[in-house]
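The values are calculated or read from the model by the stated rules, or taken from the named source; none is laboratory data. Since this is a predicted model, take the numbers as computed values, not measurements. We place every Cβ from the backbone using ideal geometry, glycine too, and count neighbours over all the protein chains shown. We work out accessible area using only protein heavy atoms, side chains counted, and drop any ligands, DNA or RNA first. Shrake-Rupley method; radii C 1.70, N 1.55, O 1.52, S 1.80 Å.
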Amino acid sequence: MKKTVAFIILLFFPLFLSAKKEKTAKNNKAQEQKVIQALRVNSSVNVDGYLDEDVWQREGRCDFTQSDPEDGGEPTEKTEVWLAYDDESLYVAACLHDSEPELITKRLGRRDDFLDSDWFIFAVDPYYDKRSGYQFAVNPAGSIVDWTLYNDEWDDDTWDGVWEWSARTDENGWFVEMKIPYNQLRFSKKDEYVWGVNFRRIIKRKNERVGFIWVPKEDSGYVSRFAKLVGINNIKPGRLIEFLPYSVGQAQFSPAEEGNPFQTGKNYLGNVGFDLKIGLKSNLTLDATVNPDFGQVEVDPAVINLSAYETYYSEKRPFFIEGSNIFSQFGQGGATSMTNINWASPRFFYSRRIGRSPQGEVTMDGYENFPDRTTILGAFKLTGKLNGWNVGFINALTAREYAEIDLEGQRFQEEVEPFSYYGVLRAQKEYNEGAQGIGFITTSVIRDLSNGSFADILNKRAFSLAVDGWTFLDKNKVWVISGWLGGTRVEGSQTAILDLQRSSIHYFQRPDATHVEVNEEATSLSGWGGRFFLNKQKGNVIFNMAIGALSQGFNPNDLGFQWGNSDVINYHVLFGYNQPHPGKILRSWWLVGAPFGTWDFGGTQTWEGYLVGATAQLLNYWTFDTMFAYNPEAWSNDSTRGGPLMRTPWGWQINFGVYSDSRKPIVVSLFANNYQRPTGGYDSFYGKISVRWKPRSNFSLSFGPSYSHRTSIAQWVDNIDDPLMTETYGTRHIFGDLDQKTIASEIRLNWTFTPKLSLQLYLQPFLAVGKYDRFKELARPKSYDFNVYGDAPSTITYDSEYDEYTVNPDGAGPAEVFYISNPDFNVKSLRGTIVLRWEYLPGSTLYFVWTQNRLDDAHPGDFNFRRDMGDLLTAPGDNIFLIKISYRWNM
């Protein structure tokens, strides 16, 4: 603790002095709420970008303020906007004057791709809750992005509204028209409406941003500062009923396997289903899907995971990502900064649990046809506002899945996934224009385990309940406390709960832990968790403090996701200084530092550290960032995978990044990371270069090769029971020297023909080679000492026929010989997707998709780039060709 206090004083005393001089912006221009009048149109508006209707002939609003590059300055170009409405829609028009129209940056891209381009952006808060809303953007080429807004400053582009737009360019600048139907905006019926609105413009060649409302850079807030839109009356919230049936055809080609009736080299499939969207009353939207298909989504990247914990993959299925912020923002309301250091907040809802790969195994002999995913029979999602509460509710049913087995011509089926129900309910309410908020989330999973084999490997029921909220501590909303607190409960057979207690998330079997123990009779497991923040929202001085804990039995993983283990207490105190205004050399910069630490509930410190980080942008818009961290010696409670504590030697880490000006045709970024434990035989380096080439306004190609090299003298390999190994409680914890090299790249091509027709390519070559050597065992608990096999009296030999090592741990002694399978690996993967997307009518889409996967694992432990890449490119691959068409009926 003394070291922590000294660190804070030494690094941040100058910042405290500067804080005394800090001034909160008092500019009346930023504080006074503007009012804008909407006019009713009595004739049709042709959304063509020409602004020749009578309603656009009156004087528009031109009072914009610059935020970049001169915060609070006058815009260099004039921007004029208008608002109008009729019984069905809201209309927006903008004249974006430009003194050099030939230099307007207009790039063509797919929907929701916020390109390096000029943009016009319109935002509206139809609830007028000053916390949420919708945002619509159009660029000079006609590309669009739309978002939902939440938590005052945050946005989510997964929402795709159905609205009309047009943009055109002439010798005076460029022009935008929008038509936004009321059925795309959720709001309550009233006699007269007051909404919040804002307009923004980006002039890319100047990196200039202007807005109708201005928020000084030292300040915070966005939706809460919107202008007041008045004059709208005698309208009704739109009636929303959309029916979206789809049909899909698929052809799969893969290498044939002689004698395998399921692997003939080709397979043809077809499927139908539908999505339904219904507006309930004026504030709720019901989304339903029956037999959904997600064949058009991008493949997951390849990874090598040598940790004890599962890999997290992002959700990519449209039904689950649209409007997902109501669930994902749990525990994050109020504060604009949710910094976490050596802490990953668990997710109570991880939608990829629904429709996951079957969890059972085939126990019968013969050829097998194993399903790659669980069929979602049906799901519905309810989102919106109800009596002042933001609400999200998802229910889903997944099918009982079977693997098909062929044994000498006879066909059998074996169940590999039970029929299951998944449910999640999220609600949140804000008070006093967002000064306080409270919410909750609850989840449930119920499985039909009538097939007895599942009772030993799956939990029968799992539930969670948690609350979150925040409160500002002052009327200026400078300081805020936010956080969450919740619990989980899992129920199942004694065997399933016993396995859960021994799993990597818990490790109750740790022999030297006095605060946890395995209960072999238990049929349930419960736990709690929580995290609380104190955050400074405004001004130059940065402050963020957090403390969190996950109890020993906390486990959200049946429908959620947890990074790492439970049994954690964590804190950090972060100070810093932010200078957002240009100087003689730098356009902006910030500096932060923090002490942090982690303990388990037994009082053992499992991690400790001190970091300093900085980011600076030069006047030419090149950006640099760096971070340095020091970690004193600590104790690991998971390195032995359920065994005793093991010492973690001290280490240090440094990161460095460089990012070029994104306006240029070629954009380059460089990132490097190095972590070392000088006395612990550990060295990890990661480097990545990304290049994005924009030769034409509708074409971009990005290439991001990366290289990592990790060496460790203590990579866990296996645990071997041996009652004679009394020093480590009857188990030999086997480690080895590891030399791992990984080369990968992500290649993306975006070719947009029109705003509604595009071609996208994603390709990921991946090569990871790991060589193990000098196998050893932990000599004693709470140490970093090892008994190396091969040092007298122990012996170790390699058997190439069985690809395993034979270990005699004490030579002529009484200990039994045991075997270690060769852990060397050489994983080569090539994954790619090409998607042609055509929105032939608003909301109706046609997809052509080609997906390819290649995999090779020859030459484990032996790295040879030319040979390995040759093996990968000549390896047989799986090819999937898919056609999917959907049609939107607006009822």
Chymotrypsin sites (Phe, Trp or Tyr not before Pro) within segment 236-286: DSSP coil, no more than 12 neighbouring Cβ in 10 Å: none
message: If packing is taken as the average count of other Cβ atoms within 10 Å, what order do 836-843, 796-803 fall into, highest mean first?
response: 836-843, 796-803
- prompt: Taking the Cα centre of the chain as the origin and placing charges on Cβ (Lys, Arg +1; Asp, Glu -1), which of 66, 311, 822 is farthest toward the positive end of the dipole?
  reply: 66
task: Calculate for the chain the 222 nm mean residue ellipticity that helices alone would give, adding -39,500 (n - 2.57) per DSSP H run of length 4 or more and normalising by residue count, nearest 500 deg cm²/dmol.
output: -1500 deg cm²/dmol
- prompt: On full extension of the chain, what length is gained from residue 703 through residue 99, given 0.36 nm per residue of separation minus the C-alpha to C-alpha distance?
  reply: 213.9 nm
statement: By the C-alpha gyration tensor axes a ≥ b ≥ c (rounded if a/c is under 1.5, else prolate when a/b exceeds b/c, else oblate), the shape of segment 298-420 is oblate
message: Relative contact order for the chain: what percent, with Cα pairs under 8 Å and sequence separation of 6 or more?
response: 9 percent
message: Taking Cα Rg over 2.2 N^0.38 Å straight from the coordinates, which label in [x] 1.53; [y] 1.23; [z] 1.02 is the correct one?
response: [z]
field: J(HN,Hα) series, segment 543-550, from Karplus relation 6.51 cos²θ - 1.76 cosθ + 1.60, nearest Hz, glycine and proline x
entry: 8, 8, 10, 8, 9, x, 8, 10
task: Report, in degrees rounded to the nearest 10, the 0 to 90 angle that the Cα long axis of helix 865-874 makes with the longest principal axis of the chain.
output: 70 degrees
message: What do you get for trypsin sites (Lys or Arg not before Pro) in segment 486-551 restricted to DSSP loop and a cutoff of at most 16 other Cβ within 10 Å of the site's Cβ?
response: none
- line: Neighbours of residue 537 by Cβ distance under 11 Å: Lys/Arg at +1, Asp/Glu at -1, summed charge -2
- request: Check the straight Cα-Cα distances from residue 771 and name the lysines below 28 Å, setting aside those fewer than 8 residues away within the same chain.
  value: 688, 741, 782, 828
task: Using a cut-off of 11 Å between beta-carbons, work out the net charge of the residues near residue 657 (Lys and Arg +1, Asp and Glu -1, residue 657 not included).
output: 0
- request: Using a Förster distance of 35 angstrom, determine the FRET efficiency expected from the C-beta separation of residue 502 and residue 421, and round it to 0.05.
  value: 0.85
query: At a 1.4 Å probe, what is the % contribution of carbon and sulfur to the accessible area of segment 633-706?
result: 61 percent
- request: Report the GluC sites (Glu not before Pro) located in segment 426-515 that are in a DSSP loop and have at most 15 other Cβ atoms inside 10 Å of their Cβ, or state none.
  value: 433
- request: Provide the net charge surrounding residue 847, with neighbours chosen by a C-beta distance below 9 Å and charges set as Lys +1, Arg +1, Asp -1, Glu -1.
  value: +2
message: I'd like to know which of 265, 292, 327 lies farthest towards the positive end of the charge dipole of segment 244-346, counting +1 on Cβ of Lys and Arg and -1 on Cβ of Asp and Glu.
response: 327
query: Round to a whole number: what % of the accessible area of segment 94-212 belongs to carbon and sulfur, probe 1.4 Å?
result: 43 percent
message: To make sure I understand the rule: partners must be aspartates and glutamates, Cα under 15 Å from the Cα of residue 429, and not fewer than 8 residues away in the same chain. Which ones qualify?
response: 129, 152, 468
statement: Quick shape check on segment 834-891: root eigenvalues a ≥ b ≥ c of the Cα gyration tensor, a/c under 1.5 is rounded, otherwise prolate if a/b tops b/c, else oblate, and it reads prolate
message: Nothing charged except the Cβ atoms of Lys and Arg (+1) and of Asp and Glu (-1): what's the magnitude of the dipole of the chain about its Cα centre? Round to the nearest 20 debye.
response: 3520 debye
- prompt: By the gyration tensor of its Cα atoms, with a ≥ b ≥ c the square roots of the eigenvalues, what is the shape of segment 370-484: rounded for a/c under 1.5, prolate for a/b over b/c, or oblate?
  reply: prolate
- prompt: How far, in degrees from 0 to 90, does helix 2-19 lean away from the longest principal axis of the Cα atoms of the chain, to the nearest 10?
  reply: 10 degrees
field: segment 692-812 - charge dipole about Cα centre, Lys and Arg +1 at Cβ, Asp and Glu -1, debye rounded to 20
entry: 1560 debye
- prompt: What nm distance separates the two modelled labels at residue 461 and residue 844, each placed 7 Å from Cα along Cα→Cβ?
  reply: 4.7 nm
Given 206/756; 536/664; 236/316; 34/584; 316/536; 106/179, the pairs whose alpha carbons are separated by over 30 Å: 536/664; 236/316; 34/584; 316/536
